[in-house]
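In what follows, a single structure is set out as structure tokens and then discussed.
A short reminder: the numbers here are calculations on the coordinates, not readings from a lab. All values reported here derive from a predicted model rather than from experimental measurement. Here the Cβ is made from the backbone with ideal geometry for all residues, glycine too, and neighbour counts use every protein chain on show.
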Amino acid sequence: MLVATFGAPYVLLLSLAMKTVPAAAAGALNPGAMALVAVLLAHLDRRARPGPAILAGIGPISRFDALRVADWDAMIDVNLRGTLHGIAAALPVFLRQDHGHVVNVVSTAGLKILPTMGVYAATKNAVRTATEALRQEAGATLRVTEVSPGMVATGFADSIPDASVREAMASRMAGIAMAPEAVARGILFALEQPAEVEVGSIVLRPTAQG
């Protein structure tokens with residue numbers, strides 16, 4: 001199958017048929033994302049049909065009037081373009097083998113829009129839209145799933161450049177963020193369904209997130 005990185009840190013096309021992650025990819029992921037990857041690789045049942053989980057995400061969020069245009073471009077390049085490049089890499093393989101499963105990790109940020117999250121949420125909703133179109137195009141042998149996690153205990157807040165926004169996010173996540181393993185279990189649920197069953201969408205959030 002395939003394991004590859006695309007274009008920028010935090011974009012990982014991870015083959016769940018292989019029990020390895022390239023060193024370059026591992027070095028690019030924050031500890032929470034690596035924990036998610038580790039759980040997927042450790043718990044993948046042989047019954048699950050192989051396919052990639054496409055993890056593409058950075059979140060240097062800010063208010064629009066902060067005019068952090070370079071951060072907007074980076075989120076578009078990684079979160080959206082990185083996912084599309086991952087799909088482009090996976091589809092030819094899936095077409096040749098006549099089966100596959102694409103899992104795109106999106107975000108609840110696109111379901112409940114909040115201040116400072118505008119561009120980040122826009123990129124995630126673009127991925128959600130592309131994923132649904134791919135699902136409808138896919139045919140009988142390609143399954144497509146989008147997983148929307150809420151607050152997860154990763155290094156997300158650490159990448160926020162604005163100190164006040166970073167502190168507010170860290171405070172909001174403190175004590176309620178899910179372990180990355182919760183997201184991994186959701187992905188495994190979709191992967192381990194029979195071949196004729198497709199789980200199109202999963203939303204996972206901490207009970208206390210609201």
Can you give me the long-range amide H partners of Gly155? Hydrogens built in the peptide plane at 1.01 Å from N, cutoff under 5 Å, separation of 5 or more residues or another chain. Gly32, Ala33
Could you tally the net charge around Gly186, taking each other residue with its Cβ under 13 Å from the Cβ of Gly186, Lys/Arg +1 and Asp/Glu -1? -1
Using the Karplus curve 6.51 cos²θ - 1.76 cosθ + 1.60 with θ = phi - 60°, work out ³J(HN,Hα) for each residue of the range 204-210 in order, rounded to whole Hz, and write x for Gly and Pro. 10, 9, x, 4, 7, 5, x
Taking the Cα-to-Cβ direction at Ala195 and at Leu111 and moving 7 Å from each Cα, how far apart do the two end points lie in nm? 3.1
Contour excess over end-to-end distance, with Cα ends at Asp98 and Ala170 and 0.36 nm allotted per residue: 21.5 nm
Once phi for every residue in the range 68-78 is put through the Karplus expression 6.51 cos²θ - 1.76 cosθ + 1.60 (θ = phi - 60°), the whole-Hz ³J(HN,Hα) values, with Gly and Pro written as x, are 8, 5, 4, 5, 4, 4, 5, 5, 5, 5, 7
